[in-house]
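Throughout, read-outs are computed from the coordinates displayed, never taken from laboratory work. Just so it is clear, the model here is predicted, and its values are computed rather than measured. In this analysis, Cβ positions are derived from the backbone assuming ideal geometry, glycine residues included, and neighbour counts consider all displayed protein chains.
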Amino acid sequence: MLCSDKLRIVLAASEAVPFSKTGGLADVSTALAKALDAMGHDVTLIVPDYRVLRLARQEYLPVVSDTGLRFGISIGGKYVTAGVNWTALPNTGVKVLLICQTDYFDRPQLYMEAGEGYLDNCERYCFFSRAVLTICQQMVLRPDIVHCNDWQTGLIPALLHSVYAGRPGFENAASVMTLHNMAYQGRFWHLDMPLTGLDWKYFNLNHMEMYGDVNLLKTGIAFSDQITTVSPTYANEICTREGGEGLDGLLGYRRGDLTGILNGIDDDIWDPNSDPLIPAHYSVTNIDAGKPACKARLQERLGLPSRNDIPVFGMVSRMSDQKGFDLLASCASRLLAHDIQMVFLGTGEPRYESYLKHLAAHHPAKVAIYVGFDESLAHQIEAGSDAFLMPSRFEPCGLNQMYSLRYGTLPIVRKVGGLADSVVDTNAVTLATNTATGFVFDSYDSNALAETVERAIDLYSEPDQWRRVMTNGMSIDWSWQNSAKNYIDVYRKALERRFDRTSDGRE
Ligand code: ADP
Ligand code: GLC
């Protein structure tokens, strides 16, 4: 059915390293683009040009130039014009197109300030989605696949299915929608519908409407040719009432088109043997060459007593309800009765930020927190901690537990989503079979978390066993190669599916 084995893939995402980042989506967009390019496909990554953020992190950036292309879109009663900058990801053939619209994207943050989402987020990302397809047309990209990520690009599959159906340049275009997090759906009041550029006939229960609102993630799920999410377990969870965030019915209906593909990690960025952001390097065959030095420097940087004899528990996270901060708060005093240290890096909900600051103020020799976004500290916590906390309420995939495994830092995780798919609990059997890689607990309960941390503290007092678990985790291959192959399979299914979508009664 396909004209050639080499696919023309357009990846659309609202964030991508090193241009912008609030969470794992940014890591995944770039790493997947690189992996697909390494397989010989033609990959174009399209992201908004958040110029302020780009300039703030100039040292990591490839040179960005103006393509000269200018275009305009009628949206919200205005004619909004924009430009397109471009660059290439270093040492790859991946082209990056950055959509330059200063009113929408030249802001201090990506999506929100002071805990409040920008009021025009619907307009900003409807514009972005419509711009992606305008650019495909004007730059004659002729995509086979348009791969969309999260609600910010959820409109694209609907546009491909309607406005762009049969247009020159889109004859072969199928869409894939990846769900990185069902908790963020891009729900806006119904009067935002005209911003989408779509006919009101799509504002119905099967397509774009949810409880009277426009729902852009639902739109992407309803119209895309294939759907993926970022771990097999999360793929199952979101088809249930508890995990579906109100979209389980639609996802159940499309279960045959939904695939869970575990994220990988980008070895160019996350490798303790070459990471430029950590003070000493090490590998699975020579852990002592660097890990103890990383621990000492982390303690020094965060003002904690320099002690190698006690375990340091690290956490790097968006401070949101998803990540289990309420569990930690409920058992913090029990945990801090032990001779341990805890280090936190994150930003997010003010109540969690102030709680952790308060904890650090009361336990200055045991707890350190840095509130903010700091790439180098994130790497240093991965390298310098002994164990890493991820007691998530839900976790579509999670990247930090994989970074931790790579850095010999034992993850302590709740058995949900991608955490369940990537960490093996330590017990007599898994120790004997050399499969143990961390600590896993089941119920969302502070007692269960505390007991699990205490199991880790006990194991830390047996250095040989601890070392064994570190070695098991560090030996796992998390490279993107395998995941990228799975995406190619999904792309091929999408191309087949595209042909029978209109005749299945959903139109
Ligand atoms: P999520 O996408 O839900 O936030 P992931 O575990 O998939 O969770 O990815 C989070 C990514 O964001 C990781 O690369 C992590 O290191 C990074 N990160 C989160 N908070 C911060 C922070 N405050 N400073 C630096 N990096 C951070
Ligand atoms: C989301 C999820 C996280 C996942 C990331 C990248 O933000 O919360 O679990 O790892 O996307 O897919």
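How large is the dipole of the chain about the Cα centre if only Lys and Arg carry +1 and Asp and Glu carry -1, each at its Cβ, rounded to the nearest 20 debye?
Details: 46 positive and 60 negative charges, 142 e Å.
It works out to roughly 680 debye.
Between VAL52 and GLU375, the contour length at 0.36 nm per residue exceeds the Cα-Cα span by 114.6 nm. Between the helical axis of 350-362 and the longest alpha-carbon principal axis of the chain there is an angle of about 10 degrees. Computed 3J(HN,Hα) for the stretch 17-22, one whole-Hz value per residue from the Karplus formula 6.51 cos²θ - 1.76 cosθ + 1.60 where θ = phi - 60°, is 6, x, 8, 6, 6, 10, glycine and proline marked x. Each peptide among 233-241, 409-417 gets the average number of other Cβ atoms lying within 10 Å of its residues, and from highest to lowest they stand as 409-417, 233-241. For the pair HIS358 and ASN427 in one chain, pulling the backbone fully straight at 0.36 nm per residue adds 21.3 nm over the alpha carbon distance.
Taken over the stretch 287-476, the percentage of Cα pairs per 10 Å bin, counting from 0 up to the bin with the maximum distance, is 10, 41, 40, 9, 0.
Which order do LYS366, LYS295 fall in if you start with the one that has the fewest other Cβ atoms within 10 Å?
Working: LYS366 20, LYS295 24.
In order of increasing Cβ crowding within 10 Å: LYS366, LYS295.
Between the C-alpha center of the stretch 28-48 and that of the stretch 112-139 there is a gap of 21 Å.
Please quote Rg/Rh for the stretch 67-146 to two decimal places, taking the Kirkwood radius as Rh and restricting both calculations to Cα atoms. Kindly include the intermediate steps, with their values, before the conclusion.
Numbers: Rg = 14.1 Å, Rh = 14.1 Å.
Across the stretch 67-146, the Cα-based Rg/Rh ratio is 1.00.
Segment ALA38..SER306, full-extension length gain: 92.2 nm, with 0.36 nm per residue of separation and the alpha-carbon distance subtracted.
Helix-derived [θ] at 222 nm for the chain: sum -39500 (n - 2.57) over DSSP H runs of at least 4, divide by residue count, nearest 500?
On the way: 18 runs with 180 residues, N = 507.
-10500 deg cm²/dmol, from helical runs alone.
Checking the cross-link pairs LYS21/LYS295; LYS21/LYS366; LYS6/LYS493; LYS357/LYS415 against a 19 Å limit on the alpha carbon distance flags LYS21/LYS295; LYS21/LYS366; LYS357/LYS415 as lying beyond it. Extending 7 Å from the Cα toward the beta-carbon at both GLU116 and SER283 defines two label points whose distance is 5.3 nm. Treating the Cα atoms of the chain as identical point scatterers in vacuum, please give the log10 of the normalised Debye intensity I(q)/I(0) at q = 0.07, 0.10, 0.12 Å⁻¹, two decimals. For the chain at q = 0.07, 0.10, 0.12 Å⁻¹, log10 I(q)/I(0) is -0.38, -0.78, -1.10.
By DSSP, what percent of the beta bridges with both residues in the chain are antiparallel, rounded to the nearest 5?
Numbers: 22 of 71 bridges.
Taking every DSSP beta bridge within the chain, about 30 percent pair in antiparallel fashion.
Over the Cα atoms of the stretch 132-218, what is the Rg over Rh ratio if Rh follows Kirkwood? Looking at the stretch 132-218, the ratio lands at 0.98.
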